[in-house]
Amino acid sequence: MVVLISLALCLFPFVLIIFPLIRKYSASEFIPQDESSLFADLERRWDSAIEGLRSTELERMVGNLHDQDYEWLKNIHLFEAALVLRALDLQESEQNVLIEEVKMEVFRTVLISQEKYNLEEKE
Amino acid sequence: MVEIGQISLITSFIVVLYTSIVGFAGGGLNGRDLAQSARWGFYSLPILLIVTTITLIYSFVINDFSVKYVAENSNLAMPSAYAWVAFYSGNEGSLLYIAAAFSIMSSVSVLILNKKLPYTAPYALGVMSLVLLFFIAVLLFMANPLEKLPIVPADGKGINPLLIHFGMFIHPPFQMLGLISVAIPFSVCIATLISGRGSRDEWVDQGRLWGMISWLLLTIGLILGGWWAYTILGWGGYWAWDPVENSALMPWLAMTAFVHSIMVQKRRGLFRMWNMILIITAFTMAQLGMFINRGGPVPSVHSFAESTMGWVFLGVMAVTLFLSIVIFVFRFDTLKSRGVLESPISREAVFLSQNALFLLIAFVTLWGTIFPIFSETFDETTMTIGQPFFNKVNGPLMLLLIFLMGIGPLLPWRKASLNSLFKMLTFPLILSILIVSVCLLLGLTKIWAIFGFATCAIALGGIIQEWFRGTKSRVKRGDKIHLSFIRLINSNRPRYGGYIVHISIIMLAMGITASSFYDVQKDVVMAVGESQSIGDYTFKYLGVSQEVFPDRIEETAKFELWTNGKFVDYLYPYRAFYPEFRLSATRGAIHSNLIRDFYLVPSDFKEDGQALFRVLINPMVSWMWISGPILIFGTIFSLTVSSSRRRKKIKLPIANSIFESRSL
């Protein structure tokens, strides 16, 4: 029994190690995106800019930001987002859709902070 | 059964040797089959090491004293439930525990890394394999827990009596896992450097995730260690700046700096080099901790696994540090920050100051810990640095840290004006002044204690203010108060989870401040039937009973405790003598509430019926233990992402030009 278990313990990792070396990879197999590619980097910078915008609105909502600081920060993040779009070299229509989405996201948070949400709903 | 464990250990050594070579080869040659082979081999390691662990624990359960480690760390009198504690109570077993636990944790990390960072993961696997290779090699060639004895003894030596405590089921596992888990974010960082991928912050999310997990484990280990020391060691305190305690604190400090600093890299692309330095420092300090734990030259009250193996750990630490620095210097040009620090009044600037303070405290602690070695080498006299040095130097620095912890999250990223700063600090400062007034009204006059409470109030005030304003804003939308609060917390989990963690740190700081400055201690000699008073408490000594166990002789005193004339509880402090170890262990009886602890510990039972007791009143100690679960909840909460946030993510379309030109 001990011999059998020991044999299994030795064979188990051996099979795991050998299998990827002897199997054949098909040409259509999924190749993951390189985490260092320009697109991945731009995606991270885009997320960071959007997160920055959200955070700026949140800071303003809780009263941590003076109006001037708010405007400055908001512009910085919008500029960063615009830079990413520019670097992506998207078609104008795609850019417009994205900018609209960002504007909507910012507007939604602004509405919350300026307490107009209820008024809008009533209207 | 032991033979199966041995074979499993030998197999794991061969496998990890293979994965440590093939992991790097797979990354370097961009060979998918090699990388996959290394990865799958790596996944088999937890199973192999768990089999070895099970065989050792099984040997404890069946009292197989033919195994040397079992004979040295258990006996027939030991309750079988303590087989788990006995497993890591000695040097060899604790190393096996570390190897097995690390193999599980690192396998999970490799699984995730392979999805998130597919081109960096093989290198990270290589680094983790090297770490594991070291532990398995030590187990196999220097400290084999499954080594057999030529002559089987009838009974074992027994487990160290100080380890017979519920806390021992969880404190050492968390502490050891916490220390070794630092190797995971370290591996991610080093893998990033080796692969030359540091310039685009690819590793930041994974570095943060594993850094937070490691930090959480270290924190739980530290709090549980303090709780164990307080409840079992019978000296009435929870932290003595002992070298073993310090060795756990130092990597924690470096990791705390890292988990804050990595946020700056994520948000701003700053501190790329600094974060690498922090994680290398944290891992070096974690290795130093293992060196001190394993029979390093620094004297320690409770180093439970003494051996001369520490020097091997020190050698490996030196090699790791040297190689890390070489790799860092080699890849220096890939670590330039994307932006600049725009203003000293910004969140990132406060994080940087906080980082510097964390490291300063870590190095002060390091100096105090290793000073005995220098004094012995150069002066030929052994000098140890006691609590007053650490308290006086680190105490004010920690207060400054809490102040920064209070204002840091209130500041926005990039820049804030002085107007904004004053606006956000108004309420915290008012609360702080209020707390100082209350302290003075209560008759508290110790300036550092009042300063400590005031600093905690500033930090707490900032959090309350932010939660109040955020909730109020949502209430005006028409939401109910409780829903508004929950939605606010849910809207940004990393941020609000961080606040919850900060609340637990404030509780910890309050508990430490109160118990350090306002503890009362008294030694009393009492005869049976006699009563004594201390503060509001009156305690009556009712007698002592003696009981003989196979491994110990136990003397338990019985007390009645009264407060302001009202009966509170019976207390049973005891003292046990373990002949096999020639060791006396005392266990205090504690009556605890949110305001203070009444702590009674027997010092000596005399033959004439009198007994000597030490009585302590420790204010707010329970706050420290309550802070633990809050901290765990906050950390886990901050690591999760709400479903609504996932939905709102605005994804970028892949531009045709980029998609087509893979060369970019």
* To do: Could you tell me whether the stretch B:611-618 includes any residue that is within 30 Å of B:TYR496 (Cβ to Cβ) and not assigned by TED's automatic domain parsing to the domain that holds B:HIS502?
  => no
* To do: Evaluate the following for B:PHE65: is it assigned to a helix (DSSP H, G or I) and among the aromatic types (Phe, Trp, Tyr)?
  => no
* Asked: How many residues are surrounded by fewer than 24 Cβ atoms within 10 Å (Cβ to Cβ) and either at the interface with chain A (Cβ under 10 Å from one of its Cβ atoms) or more than 23 Å from B:TYR119 (Cα to Cα) (or both) when one looks only at the stretch B:12-29?
  -> 3
* If a residue has to be modelled with pLDDT of 90 or more, among the charged types (D, E, K, R) and in contact with a Ser or Thr (Cβ under 9 Å, 6 or more places away or on another chain) to count, how many in the stretch B:527-546 make the cut? -> 1
* Number of the exception - B:TRP84 against (1) at pLDDT 90 or above; (2) under 18 Å from B:PRO173 (Cα atoms) -> (1)
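With respect to B:THR471, determine if the residue is touching a residue at least 12 places away in the same chain (Cβ under 8 Å) and among the β-branched types (Val, Ile, Thr).
yes
Any idea which of B:PHE403, B:PHE378, B:PHE358 is in the same structural domain as B:ALA257 (by TED's automatic domain parsing), aromatic (Phe, Trp, Tyr) and within 20 Å of B:LEU288 (Cβ to Cβ)?
Details: B:PHE403 fails: within 20 Å of B:LEU288 (Cβ to Cβ); B:PHE378 fails: within 20 Å of B:LEU288 (Cβ to Cβ).
Every option except B:PHE358 fails the conditions.
Does A:ALA49 fit the bill of being more than 7 Å from every other protein chain (Cβ to nearest Cβ), assigned to a helix (DSSP H, G or I), among the hydrophobic types (A, V, I, L, M, F, W, C) and surrounded by fewer than 17 Cβ atoms within 10 Å (Cβ to Cβ)?
Working: more than 7 Å from every other protein chain (Cβ to nearest Cβ): yes; assigned to a helix (DSSP H, G or I): yes; among the hydrophobic types (A, V, I, L, M, F, W, C): yes; surrounded by fewer than 17 Cβ atoms within 10 Å (Cβ to Cβ): no.
No: the conditions fail for A:ALA49.
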* Condition met for B:ALA77 (closer than 24 Å to B:PHE166 by Cβ and out of contact with any Pro (no Cβ under 7 Å at 6 or more places or on another chain)) -> no
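Only one of B:LEU508, B:LEU583 is surrounded by fewer than 14 Cβ atoms within 10 Å (Cβ to Cβ), of a type in the set (A, V, I, L, M, F, W, C) and in contact with a helix residue (DSSP H, G or I) (Cβ under 8 Å, 6 or more places away or on another chain). Can you tell me which?
On the way: B:LEU508 fails: surrounded by fewer than 14 Cβ atoms within 10 Å (Cβ to Cβ).
Of B:LEU508, B:LEU583, the one residue that is surrounded by fewer than 14 Cβ atoms within 10 Å (Cβ to Cβ), of a type in the set (A, V, I, L, M, F, W, C) and in contact with a helix residue (DSSP H, G or I) (Cβ under 8 Å, 6 or more places away or on another chain) is B:LEU583.
When you check B:SER59 against the structure, is it more than 10 Å from every other protein chain (Cβ to nearest Cβ) and buried (at least 24 other Cβ atoms within 10 Å of the Cβ), yes or no? Step through it out loud before you land on a result.
Details: more than 10 Å from every other protein chain (Cβ to nearest Cβ): yes; buried (at least 24 other Cβ atoms within 10 Å of the Cβ): yes.
For B:SER59, the condition - more than 10 Å from every other protein chain (Cβ to nearest Cβ) and buried (at least 24 other Cβ atoms within 10 Å of the Cβ) - is met.
Among B:SER107, B:SER89, which is the only one that is among the polar types (S, T, N, Q), part of a helix (DSSP H, G or I) and in contact with a Phe, Trp or Tyr (Cβ under 9 Å, 6 or more places away or on another chain)?
Values: B:SER89 fails: part of a helix (DSSP H, G or I).
None of the other options fit; the residue is B:SER107.
Condition check ((1) more than 30 Å from A:LEU21 (Cα to Cα); (2) buried (at least 23 other Cβ atoms within 10 Å of the Cβ); (3) without any contact (Cβ under 8 Å) to a residue 40 or more places away in the chain) across all residues:
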{"position": "B:GLY31", "(1), (2), (3)": "no, no, yes"}
{"position": "B:SER37", "(1), (2), (3)": "no, yes, yes"}
{"position": "B:GLY41", "(1), (2), (3)": "no, yes, yes"}
{"position": "B:ASN63", "(1), (2), (3)": "yes, no, no"}
{"position": "B:TYR69", "(1), (2), (3)": "yes, yes, no"}
{"position": "B:LEU76", "(1), (2), (3)": "yes, no, no"}
{"position": "B:TYR82", "(1), (2), (3)": "yes, no, no"}
{"position": "B:TYR88", "(1), (2), (3)": "yes, yes, no"}
{"position": "B:LEU95", "(1), (2), (3)": "yes, yes, no"}
* Taking B:ILE164 and the conditions (1) at pLDDT 90 or above; (2) more than 27 Å from B:PHE24 (Cβ to Cβ), which numbered condition does it fall short on, given that it satisfies the others? -> (1)
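Are any residues in the stretch B:114-170 within 14 Å of chain A (Cβ to nearest Cβ) and closer than 15 Å to B:TYR69 by Cβ, and if so, which ones?
Kept after step one, since they are within 14 Å of chain A (Cβ to nearest Cβ), are these residues of the stretch B:114-170: B:114-125, B:129, B:132, B:136, B:146.
If the condition is that a residue be within 14 Å of chain A (Cβ to nearest Cβ) and closer than 15 Å to B:TYR69 by Cβ, then B:LEU146 is the only one that fits.
Taking the condition of being in a helix (DSSP H, G or I) and among the charged types (D, E, K, R), how many residues in the stretch B:426-485 meet it?
4
The values are calculated or read from the model by the stated rules, or taken from the named source; none is laboratory data. Keep in mind it's a predicted model, so treat the numbers as computed, not measured. Glycine gets a Cβ as well: all are built from the backbone with ideal geometry, and neighbour counts include every protein chain shown.
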